[in-house]
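Presented below is the structure to which this report refers.
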Amino acid sequence: MRMLTHNMLSSNIKGVTNGFPLRIEVEKVVEKQVEINHDFLRNIFPKIDWKAFFDASRVMGYAELPEEAPEPSVLESDLEFLRKFHHALLELHLEEGALVCPETGRKFPVNKGIPNMLLHEDEV
Amino acid sequence: MSSRIAQIRLVSSHPEVYEPCDDSFALVDALLADRKNLLEHKPTLCMEVGCGSGYVITSLMLMLGEEANGAQFIATDINHHAIRVTQETMEAHRVHAELINTDIASGLENRLAGLVDLLVVNPPYVPTPEDEVGREGIASAWAGGENGRSVIDRILLVALKLLSKRGWLYMVTLTANNPSQICRQMRKKGYDSRIIVQRSTEEESLHIIKFWKDFDIEVDAKDVVPNSNAAPAGVVDSVLSQFQRLSFWRSSDVNSSRSGK
Ligand SMILES: C[S@@+](CC[C@H](N)C(=O)[O-])C[C@H]1O[C@@H](n2cnc3c(N)ncnc32)[C@H](O)[C@@H]1O
């Protein structure tokens, strides 16, 4: 699971009002290189919740991102920033671990890179 | 150069997972038929709900290919075997989509709302007793409840939430699902529709329908007069007439009512 996906997931348990972001418990991180695409990064940047993304990359062991979300203009000029953003967003995968609901503490397991968001009957 | 799709011999399988079938092929054919438009459309986030073997999402990624480098893909399935099989199918074709084991898009609906530019769905559409829907294993691949609409209708509600303003939805339906009624329902939400592919066999007739937001309709729906929810007559006619042209079901309706007594 990429940090892009983490940024798009919330706890879906019934009654939970503050289900985002899910806390990441890391057992295993893998890195997979993919080609950088500036258009994608520029299009997705405004949709990313920066604080959640920043915290998630830290937990995943990557500390190169700025804590404050940069101005969008940075994406036009700063190739070094684009490279870091790309790496943290798309190349770091949570392979094994869990996503934890911030409100209830319920754990959603992540096995072989796949989050299991299925709910038990009493959670729907 | 003709575009690539998934190779059947590289599609993984499992006894509990839906194998690529006529409906899967029809959906991929519809996407191929619309490939030029898709490339021009330049989707940023693409998604499949109910990816099964992974045949469709893999084909989509392959056919958009290098030119769709600006896109990322997400696929969900409620069946964890299907998610694994999709993962294997994608690895065999060297493509990547983010996979999530979930009910439709549960967990994604808040943050992904309004962000999906392309959504493809081959839902469980076979009419069955309601209590067969959503059971464990392979039955959930096809069991669609009353008129086969139980899961379809839930998926449509989620689609309305997830699709971006320029989002496109491609969905497989069966005649028994009453596709013209689905189109009318979607029209009330501001979506125009078109049949991209139509296939009939002895027992069933499949339609792959494309939905997209038509802003003229939306303006229309904002006029609070209840009845103005109905789309401009000309446009409705064009959608419905597409179905009329597929005369088999209209005429078979007529025939059966004539011969009925
Ligand atoms: C007709 S099969 C299509 C599989 C594949 N997309 C294809 O075209 O070959 C329907 C798929 O939807 C999945 N499914 C059924 N109900 C679902 C739900 N509520 N949420 C997510 N996936 C679901 C099934 O597990 C199955 O894999």
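The values are calculated or read from the model by the stated rules, or taken from the named source; none is laboratory data. Quantities reported herein were computed from a predicted structural model and do not represent experimental measurements. Glycine gets a Cβ as well: all are built from the backbone with ideal geometry, and neighbour counts include every protein chain shown. For the accessible areas, the whole protein counts, side chains as well, though only heavy atoms, and no ligand, DNA or RNA atoms are used. Shrake-Rupley method; radii C 1.70, N 1.55, O 1.52, S 1.80 Å.
Applying the criterion of being within 9 Å of the ligand (Cβ to nearest atom) and of a type in the set (A, V, I, L, M, F, W, C) to the residues of region B:140-154, the residue that is farthest from the other protein chains (Cβ to nearest Cβ) is B:142.
This table checks each residue for (1) open to solvent by 70 Å² or more (accessible area, probe 1.4 Å); (2) more than 25 Å from residue A:103 (Cβ to Cβ); (3) more than 9 Å from chain B (Cβ to nearest Cβ).
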residue: A:2; (1), (2), (3): no, no, no
residue: A:5; (1), (2), (3): no, no, no
residue: A:9; (1), (2), (3): no, no, no
residue: A:15; (1), (2), (3): no, no, yes
residue: A:18; (1), (2), (3): yes, no, yes
residue: A:28; (1), (2), (3): yes, yes, yes
residue: A:34; (1), (2), (3): no, yes, no
residue: A:40; (1), (2), (3): no, yes, no
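The single condition from (1) hydroxyl-bearing (Ser, Thr, Tyr); (2) in a helix (DSSP H, G or I); (3) within 8 Å of the ligand (Cβ to nearest atom) that residue B:18 fails is (2). Scan region B:51-62 and tell me whether some residue there is within 12 Å of the ligand (Cβ to nearest atom), in contact with a Cys (Cβ under 8 Å, 6 or more places away or on another chain) and closer than 22 Å to residue B:169 by Cβ. Within region B:51-62, one or more residues are within 12 Å of the ligand (Cβ to nearest atom), in contact with a Cys (Cβ under 8 Å, 6 or more places away or on another chain) and closer than 22 Å to residue B:169 by Cβ.
Open to solvent by 20 Å² or more (accessible area, probe 1.4 Å), away from the ligand (no atom under 12 Å from the Cβ) and in contact with a strand residue (DSSP E or B) (Cβ under 7 Å, 6 or more places away or on another chain) - does that describe any residue in region B:107-121?
There is at least one residue in region B:107-121 that is open to solvent by 20 Å² or more (accessible area, probe 1.4 Å), away from the ligand (no atom under 12 Å from the Cβ) and in contact with a strand residue (DSSP E or B) (Cβ under 7 Å, 6 or more places away or on another chain).
Within region B:21-58, if we keep just the residues that are open to solvent by less than 10 Å² (accessible area, probe 1.4 Å) and touching a Lys or Arg at 6+ places or on another chain (Cβ under 8 Å), the residue that is nearest to residue A:48 (Cα to Cα) turns out to be B:34.
Annotation note: Cβ proximity below 6 Å between a residue of region B:82-93 that is in contact (Cβ under 8 Å) with a residue 60 or more places away in the chain and a residue that is of a type in the set (Ser, Thr, Tyr) and part of a helix (DSSP H, G or I) (sequence gap 6+ or interchain) occurs for B:89/B:58; B:93/B:58. Taken as a whole, the condition of being within 16 Å of the chain's Cα centre (by Cα), within 9 Å of chain B (Cβ to nearest Cβ) and not in a strand (DSSP E or B) applies to residue A:90.
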